[in-house]
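Heads up: the structure comes next, in structure tokens.
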Amino acid sequence: VTADFTAFAAVLAPAVAITALGASMSSTLSAANFPGHDFGPGQCIDGVTNNDNGWNFCFSDLNVADPWLSIQLPPASVVSSVVVYSRADCCQRFLGTFEVWVGDAAGSPSSSTATQCGVLTADLTTGPFTLSCSTALTGSVVTLRLPGTERSIALAEVTAFGTPGLISPPPPSAP
């Protein structure tokens, strides 16, 4: 019944931006050389799609194998597409070919933990780059992965679109 409802809801509900609840990354560039700046994964889910000030972006360590960025969504969200924004000030070459996966676990995805939404090769612009899933996928985590060696994540924003899952209210407090 749940799978049937999920497919039915995906057809009827218009796709909206799904509010991210958090994010994690395979690694984060050290801010030691840039005091006061944060390159963590939260910078990629803050709603700012450009980095006109030059500092609002997430950045993984340089030249690593298969870096990933996982975005936590409300449970049982139905994802139909993902939009990726490169940095506006530089580094568009870092994005290149990327994969998007939907599942329920953060981290480097595999076919046993997530379903691949698709693969896209970005050109050398800031985008946005929209990857539409061939079918709506249900999960609580969207992961962007850059396959290959000597890769680096340097992005302004990543937004999932579809139908957000419901967040359970907290239990009532004891009398």
In the list 23, 15, which residue meets the criterion of being modelled with pLDDT under 90, under 17 Å from residue 142 (Cβ atoms) and aliphatic (A, V, I, L, M)?
15
Which of the residues belonging to the stretch 79-98 are assigned to a helix (DSSP H, G or I) and touching a strand residue (DSSP E or B) at 6+ places or on another chain (Cβ under 6 Å)?
92, 94
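Residue-wise test of (1) over 22 Å from residue 27 (Cα atoms); (2) open to solvent by 10 Å² or more (accessible area, probe 1.4 Å); (3) assigned to a loop (DSSP other than H, G, I, E, B); (4) of a type in the set (Gly, Ala, Ser).
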| position | (1), (2), (3), (4) |
| --- | --- |
| 46 | no, yes, yes, no |
| 55 | no, yes, yes, no |
| 77 | yes, no, no, yes |
| 100 | no, no, no, no |
| 108 | no, yes, yes, yes |
| 134 | yes, yes, no, yes |
| 147 | no, yes, yes, no |
| 156 | no, no, no, yes |
Could you list all residues from the stretch 79-94 that are out of contact with any Asp or Glu (no Cβ under 6 Å at 6 or more places or on another chain) and open to solvent by 10 Å² or more (accessible area, probe 1.4 Å)?
80, 81, 83, 87, 88, 89, 90, 91, 92, 93, 94
Exactly one of these conditions fails for residue 125: (1) open to solvent by 60 Å² or more (accessible area, probe 1.4 Å); (2) assigned to a strand (DSSP E or B). Give me its number.
(2)
Pairs, first under 12 Å from residue 62 (Cα atoms) and charged (D, E, K, R) in the stretch 146-157, second assigned to a loop (DSSP other than H, G, I, E, B) and open to solvent by less than 10 Å² (accessible area, probe 1.4 Å), C-beta under 7 Å, six or more apart
151/67
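The values are calculated or read from the model by the stated rules, or taken from the named source; none is laboratory data. Treat the numbers as computed from the prediction; the structure is a model and nothing was measured. Heads up, the Cβs are rebuilt from the backbone with ideal geometry, glycines too, and the neighbour counts pull from every protein chain shown. Side chains included, ligands, DNA and RNA excluded: accessible areas come from the protein's heavy atoms. Shrake-Rupley method; radii C 1.70, N 1.55, O 1.52, S 1.80 Å.
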